[in-house]
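Here's the structure, in structure tokens; my notes come after.
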């Protein structure tokens, strides 16, 4: 079998953008529904392929750190030419629509900058980003769990790529609660727990940790990356708990700074804070990023886009919370309640009362930003 164009390997960040870092997500084959993913081979492809990478993400943290959730609909188009030259060229001028079978149509507009669709773009990896048009251009009915969505991509040359996805069912964070900001114990793993989402094939857990540089300086550790993004995974229907931050970073083990990784196995250091998101993802997403590349060995990702393009159109339903660790760098204690576990408070000393703000408002540290660029 001849060589096949390799898709970019990526992950999705807390803001819903594609994160272009190598991921061996073979574990996703252990999908939460117990479905067994097949190894699939493709017939010899055309030399020139339009690749669609579309994602509907419901409930992600709002850009800029606002403590609210938003929905994000985005499609990245790139044209992959066989061989090492001309990889991932842009695909401008396409008409991109997402149609809800309840009757709504979501038009996506082309942007000149691909960065809203990707959080980092290597020099050789470019594309054309299409995002949901601003509200003033169209009234966008709210997406609902279980919605069936059809993607239609009409290319400039008249070719059409199509795909369908179903939004995963509603679910909740149990400990801590959805969109809660709360305090956890220092140097102690915290169990994030959530309810099951109907139709989910896996749960992707990710976090952005802040304040490590200052927190670890007294330990003689020079932090190389701050804030630090880490990815975790829950892969069975019964597995709806993940230890934070110890079980995050499974896909970063070869890149993660070793002394920082050792610290995080024990818990979050004092003075740090993090945003943690749990995303229920459906079949198309799992099949596309589950591991393996388009390669001559015959084991490939499973595309869900048909017609005159390949790629995937996936959906994720996200829940998130922010966690703080006392004492903050500014001194005092954070004015936030203790985080609850699935049935109670995490045991130990927090430097405050459960469910109450700090009485010392003069010394209480300010609420940290959700994300710091």
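The values are calculated or read from the model by the stated rules, or taken from the named source; none is laboratory data. It should be emphasised that the depicted structure is a prediction, and the values quoted were computed from it without experimental measurement. With ideal geometry, Cβ positions are generated from the backbone for all residues, glycine too; neighbour counts draw on all protein chains shown.
Quick notes on this structure:
- Any hit, segment 235-244, residues being modelled with pLDDT of 95 or more, buried (at least 22 other Cβ atoms within 10 Å of the Cβ) and under 24 Å from residue 170 (Cα atoms): yes
- Among residues of segment 47-67 that are on the phi > 0 side of the Ramachandran plot, those with a beta-carbon under 9 Å from a residue that is assigned to a strand (DSSP E or B) and modelled with pLDDT under 90 at least six positions away or on a different chain give the pairs 59/69; 59/70; 59/71.
- Filtered residue count, segment 302-353, keeping only those that are closer than 30 Å to residue 157 by Cα, under 23 Å from the mean Cα position of the chain (by Cα) and either crowded, with 23+ Cβ neighbours inside 10 Å or at pLDDT 90 or above (or both): 9
Residues are listed down the side, and each one gets a yes or a no for (1) free of Cβ contacts under 8 Å to residues at least 12 places away in the same chain; (2) touching a strand residue (DSSP E or B) at 6+ places or on another chain (Cβ under 6 Å); (3) part of a loop (DSSP other than H, G, I, E, B):
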site	(1), (2), (3)
213	no, no, no
224	no, no, yes
229	no, yes, no
247	no, yes, yes
251	no, yes, yes
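- Filter result for residue 73 (touching a strand residue (DSSP E or B) at 6+ places or on another chain (Cβ under 9 Å) and modelled with pLDDT of 95 or more): no
- Residues of segment 146-162 satisfying the condition of being surrounded by 16 or more Cβ atoms within 10 Å (Cβ to Cβ) and either more than 17 Å from residue 103 (Cα to Cα) or under 19 Å from the mean Cα position of the chain (by Cα) (or both): 153, 154, 155, 161, 162
- Scoring residue 274 on the criteria (1) over 20 Å from residue 225 (Cα atoms); (2) at pLDDT 95 or above leaves a single failure, condition (1).
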